[in-house]
Amino acid sequence: MSTKTINITYWVLTALLALAMAADGFGGVTKQQTGVIVLQHLGYPIYFMVIMGTAKLLGVIAILQNKYKAIKEWAYAGFSFTFFGAIASRAFVGDAAGELIPPIIILAFLFVTYYFWKKFNQLKPTE
């Protein structure tokens, strides 16, 4: 894969991930009705939306920057925990298999984005 392809792929995937997480984070901070219904269904307290929404917004900032790699690693880990938690929560309350598919797809997308971040970092000289 060429340097240009890796660079473009990394930034496109990262931008898409950031947009999705920013929208979800904003929905959590503002306690959107759809999120409230899902959290009640899963048995979580509503204030958890604000905590997770804030964490997602901070995670977006972390994945868009390339200076502090450890913080970026933690953001990717946090997003991974979020999606693993979503999959487990849906499974534990007995939701249909179809309800597990969206967080699985987003988790896979997250892993692909992470892979391209690592490839992108290999292109840059070490500091």
To the nearest 10 degrees, how steep is helix 33-42 against the longest Cα principal axis of the chain, on a 0 to 90 scale?
70 degrees
Taking springs between alpha-carbon atoms closer than 10 angstrom, which of 30, 54, 14 fluctuates most in the Gaussian network model of the chain?
30
The chain - convex hull of alpha carbons, volume per residue in Å³
99 Å³
Across the chain, how many lysine pairs, 8 or more positions apart or on different chains, have C-alpha atoms separated by under 28 Å? Please give the number.
23
Give me the Kirkwood hydrodynamic radius of the range 1-70 in Å, from all C-alpha pairs, to one decimal place?
13.4 Å
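Computed from the coordinates by the stated procedures, all read-outs in this text should not be read as laboratory data. Quick caveat: nothing in here was measured; it's all calculated off a predicted structure.
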